[in-house]
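The values are calculated or read from the model by the stated rules, or taken from the named source; none is laboratory data. On a predicted model such as this, the values are computed, not experimentally measured, just so you know. Every residue, glycine as well, gets a Cβ built from its backbone with ideal geometry; the counts of neighbours run over all protein chains shown. Surface areas here come from the heavy atoms of the whole protein model, side chains and all, with no ligands, DNA or RNA. Shrake-Rupley method; radii C 1.70, N 1.55, O 1.52, S 1.80 Å.
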2 protein chains.
Amino acid sequence: MKELLLTPESFHLDGRLWLQGPTDRFMGIGRLELLGHIAETGSISKAAQAMGMSYKKAWDLVSSMNAQVNTPLVSTQTGGSHGGGTVLTPAGRQVLEVFGAAQVRFQEFIRQETERLLG
Amino acid sequence: MKELLLTPESFHLDGRLWLQGPTDRFMGIGRLELLGHIAETGSISKAAQAMGMSYKKAWDLVSSMNAQVNTPLVSTQTGGSHGGGTVLTPAGRQVLEVFGAAQVRFQEFIRQETERLLG
DNA sequence: GAGCGTTATATTCAAGAAAATATAACGCTA
DNA sequence: TAGCGTTATATTTTCTTGAATATAACGCTC
């Protein structure tokens, strides 16, 4: 492989890491980034917009995440002076931190393996 | 997260690792297992059957892999006493070994992270 | 030359995922 | 009460992927 078959200019190692629940995916890189944008913007619609994702898609993801745990990750509010909003709960912030750290370690793993396979 | 939100009975960490080419995926766990079955059986059709995969699907994967490198991973032969067959080239055996080892290390990474997140 | 098992390839069909569209509810403000 | 931005939800449409089906070529054996 090294030195011939696969050049780093044309090939790269990639991967995904996620938490799987009994029926649905619970947490992955997309859901994690969505949580991050919600934490920043305080809004599902703004978070969706920032990710180039439809509001419905983002709402479905939030709904799926909240439905799979006893303690919701995000708290939503409809109506009010700014139309409503969404914030992360302490549980949501914890997931963002803990799973985010796992994603960072995963990226480091991929970097190491890239070195081995293509470096 | 630990001790409450996510129980190991209901949630588990999962992941995928693959080599991406300029346009198509070059190698992943499915393609790797297909190479392994081809090495064992000497036949695309038997390998496909062993994986519960259609022959066409398996052939498409083989075609994709071979098309992305200068040195083919598998060598096919049509006709002959047993109808034909398919064997791994030295390059194919090398990919099977090297990328297979990466997959093993990836599974170990997932095991470690599972311990951290859910253990 | 007929038969066999395999590779090689095109076409059609079905299923699932994603995107697009639409509408309503909510609770503040003016 | 009308308007606003947001959440909440259903429906339709499009895209992608995989499965199913069909056919031909190939090179040996009998």
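The listed residues A:5, A:73, once ranked by accessible area (1.4 Å probe) with the largest placed first, stand as A:5, A:73. By the Cα gyration tensor, chain B has an equivalent ellipsoid whose semi-axes, rounded to whole angstrom, run 35, 15, 12 from largest to smallest.
Using a 10 Å cut-off around each Cβ of peptide A:26-34, what is the average number of partner chain Cβ atoms that fall inside?
Details: counts 5, 5, 2, 0, 0, 0, 0, 0, 0.
Averaged over the peptide's residues, the number is 1.
Report, as an integer, the average count of C-beta atoms from other chains found within 10 Å of each Cβ along B:6-18. Walk me through the intermediate numbers first.
Values: counts 9, 0, 0, 1, 7, 8, 6, 7, 7, 9, 5, 9, 5.
Averaged over the peptide's residues, the number is 6.
In the protein assembly as shown, the DSSP-assigned H stretches of four residues or longer account for a calculated mean residue ellipticity at 222 nm of -17500 deg cm²/dmol, using -39500 (n - 2.57) per stretch and the full residue count as denominator. Rounded to the nearest whole Hz, the Karplus-based 3J(HN,Hα) values (6.51 cos²θ - 1.76 cosθ + 1.60, θ = phi - 60°) of the stretch A:15-27 follow the sequence x, 9, 9, 8, 9, 9, x, x, 10, 10, 5, 9, 8, with x at glycine and proline.
Given the Cα-Cα distance of residue B:49 and residue B:112 and 0.36 nm per residue of separation, how much length would full extension add, in nm?
Details: separation 63, 0.36 × 63 = 22.68 nm, distance 3.39 nm.
19.3 nm is the gain from fully extending residue B:49 to residue B:112.
Heavy-atom accessible area with a 1.4 Å probe sorts B:12, A:82, A:37, largest first, into A:82, B:12, A:37. Placing a label point 7 Å from Cα along the Cα-to-Cβ axis, residue B:45 is separated from the same position in the other copies by 5.9 nm, shortest listed first. Ascending distances from the residue A:67 label point to its copies in the other chains, with the point 7 Å along the Cα-to-beta-carbon line: 3.8 nm. Ranking B:112, B:89, B:67 by Cα position along the charge dipole of the stretch B:19-118, where only Lys, Arg, Asp and Glu carry charges on their C-beta atoms, puts B:67 farthest toward the positive end. Distances from residue B:97 to itself in the other copies, using label points 7 Å out along the Cα-Cβ axis, amount to 4.7 nm in increasing order. Each 10 Å bin from zero up to the one holding the largest Cα-Cα distance in the protein assembly as shown carries the following percent of pairs: 7, 26, 25, 22, 14, 5, 1, 0, 0.
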